[in-house]
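The values are calculated or read from the model by the stated rules, or taken from the named source; none is laboratory data. Being a predicted model, the structure only gives us computed values, none of them experimental. Cβ: placed from backbone, ideal geometry, glycine included. Neighbour counts: every protein chain shown.
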Amino acid sequence: MTDEYTPPKVWTWDKESGGTFASTNRPVAGPTHDKDLPVGKHPFQLYSLGTPNGIKVTVLFEELLAAGIKEAEYDAWLIRIGDGDQFGSGFVELNPNSKIPALLDRSGDTPTRVFESGAILLYLAEKFGAFLGQPADRAELLSWLMWQMGSAPYLGGGFGHFYAYAPSKMEYPINRFAMETKRQLDVLDRNLAERRFMTGDDYTIADIAIWPWYGGLVKGWQYEAAEFLDVESYTHVRRWADEIWARPAAKRGRMVNRLKGDDHERLEERHDASDFDGLDAG
Ligand SMILES: N[C@@H](CCC(=O)N[C@@H](CS)C(=O)NCC(=O)O)C(=O)O
């Protein structure tokens, strides 16, 4: 592959693009095969994977349960995106966008689907009136939640893709997205220099949304890029990331639907609180 490319008049899908995930990427939506989703005993059925977008939701579920909200019991089923599970007919019915996480709320008379991790966080937090912070800070909460949803694709789909997953290292996109990722880390660092959590003194779904991506980055969990991005220099983000990591619910949430890591620090599926027995976060 060379760096030079002359785009044709009309783009067509005539070859795989290469790189990690190339085999499952397609330019069309919809299911590729018939497959029903499994359903467990709890009100909430989560279909996910232990990536940062998935971890947001499992951390919130574990926090809700830790706060004594028993109605937030959930089954977390594993969706192997590398194998194309997100294109099964049952999954596409829940999320026409074929991406984890997807949630089915079976607690009411009519099952309700929710897709997009930010929507799932807001849906659950509003349903249970928890992790929303002070009413006076609601605009901040929404702003930082939407900031995360809009910003992380530059970190993941931009920086992470070209630094870690693309078939070759290309200077232009790595430079462009490293610059943007560092700018975003600085945005967070400046906010967290003034506040304990993203919206103030309260730990909210804004923190839960941002932590798996940017907390994970400064903790060295993402793309083996800690040194390259000099994450050590974002001292306030590191302080905040450590404070969240000290929460048992964050540790449990990060274990759920996780494929990588030692067996004692991951749980491929979660159906009961006792599933964590004997595990530790490493
Ligand atoms: N904006 C979506 C993004 C979800 C997303 O990108 N999920 C990835 C894993 S982290 C996925 O399912 N990828 C499968 C694919 O692209 O085929 C959200 O926040 O829920």
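List of remarks:
- Subset of the stretch 120-131 (residues that are surrounded by 20 or more Cβ atoms within 10 Å (Cβ to Cβ) and part of a loop (DSSP other than H, G, I, E, B)): PHE131
- If you go through the stretch 220-230 and keep only what is without any contact (Cβ under 8 Å) to a residue 60 or more places away in the chain and either in contact with a Gly (Cβ under 7 Å, 6 or more places away or on another chain) or closer than 16 Å to LYS56 by Cα (or both), you end up with TRP221, ALA226.
- Only a single item in (1) in contact with a strand residue (DSSP E or B) (Cβ under 7 Å, 6 or more places away or on another chain); (2) surrounded by fewer than 18 Cβ atoms within 10 Å (Cβ to Cβ) is not met by ASP105, and it is number (2).
- The helices (runs of 4 or more DSSP H) located wholly in the stretch 179-261 that include 1 or more residues which are modelled with pLDDT of 95 or more and over 19 Å from the mean Cα position of the chain (by Cα) occupy 235-245.
- Some residue of the stretch 136-143 being within 19 Å of the chain's Cα centre (by Cα), buried (at least 21 other Cβ atoms within 10 Å of the Cβ), closer than 30 Å to GLY68 by Cβ and outside the structural domain of ILE69 (by TED's automatic domain parsing): yes
- Annotation note: of GLY160, GLY156, the sole residue that is assigned to a helix (DSSP H, G or I), under 17 Å from the mean Cα position of the chain (by Cα) and either more than 12 Å from the ligand (Cβ to nearest atom) or surrounded by 22 or more Cβ atoms within 10 Å (Cβ to Cβ) (or both) is GLY160.
- Flag if LEU65 is in contact with a Gly (Cβ under 6 Å, 6 or more places away or on another chain) and surrounded by fewer than 24 Cβ atoms within 10 Å (Cβ to Cβ): no
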